[in-house]
Structure formats: C-alpha cells, structure tokens
Amino acid sequence: MTRQILVGDVPVGGGAPVSIQSMCNTPTQDVEATAAQIHRLERAGCQIVRVAVPDMDAARAIRAIRAAISIPLVADIHFDYRLALEAVAAGADKIRVNPGNIGAPERVRAVADACRDAGIPIRVGVNGGSLEKPLLDKYGGVTPQALVDSALGQVEMLQRWGFQDICVSLKSSSVPVTMGAYRLMARRSDCPLHVGVTETGTVEMGTLKSAVGIGGLLALGIGDTVRVSLSADPVEEIVAAKKILKAAGVRREGPELISCPTCGRTSIDLIGLAQQVERRLEGIDKPITVAVMGCVVNGPGEAAAADVGLAGGRGEGVLFCKGRVVKKVPEDRLVDELFALIDQL
C-alpha cells in the first residue's frame, strides 16, 4: 500500500478512495473565468483541480482563485522554480514539478523547503516528452525504466532533504509505456501514484486510451488519484474518469447499465430499449446494476448479478430481479414497469 498525503482536505494514497482530477484550460490570470470553470468541474465530480502557472501573473492569481473555490488547487510548474515559490506563497494546495525542466538541485530544494513550511505536498510529474537527455541517451528513448529513473532521482533528492509528502506521475502518450512505468514504480516506491495517460487525443480515442491505461492499472490495484487528459472541455475528463473508475470496479456511485450486444435471436428493439433505460437512469442516484437483455430464455441467467433488469421476447418481455423472473410485460410497457420496480428498491 502507498503512503498517504493530503491535498487540501483530500487524502491521496494509503487506502483512500481514488480521487478524480482535472486541469483548467483557461488563462490562469483570468481569475473569473478560471474560477467559473472550476465550479463547473466540481459540479461534475472533480475533487482536485490544477492550473498552469507560466508566469508571475498566473502565480499571483492563485490567491484569488483559491479564495473563490472549495476544492484543492494544484499549481503546475515548468522551467522556473520561482513560480513555484510564488504559488506556494499565494496559497496553492500542491505543487507539481517536472524533473526534466525544473533546473538545478538547489532550485528543487528551495521549492521543497517552501512546501514543507507551508505543509503542502509536491507531485513529481514525469512526462515522456520532457525526459532528461542523459536518460534518453541511456535508454535510447522514452521507456518505462527511463520514466521511473527520472521519478526516483527526484524523489530521492527530496527525501534526502527530509521532504516526504510526495506524489508521483509517470505519463507518456503510449499506453504500454505508461502502464509499464507505473508497474515498475509500484514495485520500487510507496509514494502515492497519480495515474494518467498524456496527450491521448479527442474525446472518443482519448477516452479509449485512458480507459485501457488508467483502467488497466486500477484493475491491478495501482493508482491513488487519476486524471484523464482529453483535447476537449475539461468537464469531459471528469465524465470519462467516473466511467473508468466504475468500469474498473474501484468506485460505485449511481446506477450501472449492462446490456447484451444483440444477435440473430433478438426479436425486440433491444438497442432502443437500452438507450431509453440509459437516459432515464441519469436521474437515478441509487448504486444499482440494471440489465437490458435481448433473450427471455438466457437473459435473466446471464445477468443474474444485476439488481433488476428486463429481457425481451417477441412483442413482450420479462422483468427480473437477481436472476429471478418477476413478471411478464408487453414491450411498450417494459421500460416504465422496469423503473417502477427500481423505485421499489
């Protein structure tokens, strides 16, 4: 098990629930726009949010943004360690530094000292696109071991200075490289892991790559907090992350729909029924599993683990609960009767 750190009031690692993060794409110095986007993200389910800090104006804006929001705020620092010092002074809840570009050890130490004094953690955020040149030369490019060596070098440096509140990410745009790096790191360190695949693309392909990479690692028990990176409205990242956590079995909030893919035996509008049920489940917050199956004969048995469900026949179907048939219903009443059964749960 990893050690636990606190990002604001959100525990990360040490058996805490896996938290969801995102990053604003507004100009950080535009306090009103950034705070408004963070409020949208929080309503969608974001628990930790990060902002870019490219200059001193952005670093100083953190104070006003922090005062306007309620979830923890992370300052993302590249190249200039002085931006990290200013962000700490402005009230950031965590600092992210990139080993590939933050500079000399004494600059990293200055950031560590400031974070220790403020009582906030540091994320060592390794990125395949900015690995240190000696590591690229040693391993012939971006490899899992290169990412891990970069992270461990920074972690060991911070720990030599007595700084322990460290989180680590090892991101690449390659799913296999990313997964390999996190698996290696999980064996080498007990630092909590911020899991994500970077530069995944737009919503459809980006969600698929993130589901494979993040979901695969979570299914292996690796990962303490996640960020889905999409070329899209950041709210889409939260939507995707929640679905990935549910699919990986690490979070159960609200209903889950399972439905069969249909086959030649299907004699009911199964796809239409599944879409109706999915839309109506958006208004339900019960942690239940609902099945929509196309075969009366096999459906209830195949979906026996579902709390409730329907299985279609020709012009009619059955409602079932925990694999047991409850009653037979005409096709045009199936969805309404299903939700009447859900209301009774």
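The values are calculated or read from the model by the stated rules, or taken from the named source; none is laboratory data. For clarity, every value in this text was computed on a predicted model and none was experimentally measured. No Cβ is skipped: glycine too gets one built from the backbone with ideal geometry, and neighbour counts run over all protein chains shown. SASA here: full protein model, heavy atoms, side chains in, ligands and nucleic acids out. Shrake-Rupley method; radii C 1.70, N 1.55, O 1.52, S 1.80 Å.
In this structure, does P176 turn out to be open to solvent by less than 10 Å² (accessible area, probe 1.4 Å), out of contact with any helix residue (DSSP H, G or I) (no Cβ under 8 Å at 6 or more places or on another chain) and within 24 Å of Q154 (Cβ to Cβ)? No; evaluated as a whole, the condition is false for this residue.
Listed here are the residues, each with its yes/no results for (1) small (G, A, S); (2) surrounded by 21 or more Cβ atoms within 10 Å (Cβ to Cβ); (3) out of contact with any strand residue (DSSP E or B) (no Cβ under 8 Å at 6 or more places or on another chain).
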{"site": "L85", "(1), (2), (3)": "no, no, yes"}
{"site": "I95", "(1), (2), (3)": "no, yes, no"}
{"site": "R109", "(1), (2), (3)": "no, no, yes"}
{"site": "G119", "(1), (2), (3)": "yes, no, yes"}
{"site": "K133", "(1), (2), (3)": "no, no, yes"}
{"site": "G141", "(1), (2), (3)": "yes, no, yes"}
{"site": "S150", "(1), (2), (3)": "yes, yes, no"}
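Considering the range 316-345, the residues that are open to solvent by 80 Å² or more (accessible area, probe 1.4 Å) and within 35 Å of the chain's Cα centre (by Cα) include one that is modelled with the highest pLDDT, namely D343.
Among residues of the range 202-218 that are on the phi > 0 side of the Ramachandran plot and in contact (Cβ under 8 Å) with a residue 40 or more places away in the chain, none has a Cβ under 6 angstrom from a residue that is part of a helix (DSSP H, G or I) and open to solvent by less than 60 Å² (accessible area, probe 1.4 Å) at a sequence gap of 6+ or on a separate chain. Total residues in the range 257-287 satisfying the condition of being in contact with a helix residue (DSSP H, G or I) (Cβ under 7 Å, 6 or more places away or on another chain) and at pLDDT 90 or above: the figure is 6. Is at least one residue of the range 209-231 open to solvent by less than 20 Å² (accessible area, probe 1.4 Å), assigned to a strand (DSSP E or B) and of a type outside the set (S, T, N, Q)? There is at least one residue in the range 209-231 that is open to solvent by less than 20 Å² (accessible area, probe 1.4 Å), assigned to a strand (DSSP E or B) and of a type outside the set (S, T, N, Q).
Is at least one residue of the range 158-168 outside any helix (DSSP H, G or I) and open to solvent by 60 Å² or more (accessible area, probe 1.4 Å)?
Initially, the range 158-168 is screened for residues outside any helix (DSSP H, G or I), giving 161-168.
Now narrow it down to the ones that are open to solvent by 60 Å² or more (accessible area, probe 1.4 Å): 164-165.
Yes: the range 158-168 contains one or more residues that are outside any helix (DSSP H, G or I) and open to solvent by 60 Å² or more (accessible area, probe 1.4 Å).
Considering only residues of the range 179-198 that are among the small types (G, A, S) and within 16 Å of N127 (Cβ to Cβ), which is nearest to the chain's Cα centre (by Cα)?
Residues of the range 179-198 that are among the small types (G, A, S), as a first pass: 180-181, 186, 189, 196.
From the residues that got through so far, the ones that are within 16 Å of N127 (Cβ to Cβ) too are 180-181, 196.
On the way: G180: 18, A181: 17, G196: 7 Å.
Across the range 179-198, the extreme among qualifying residues is G196.
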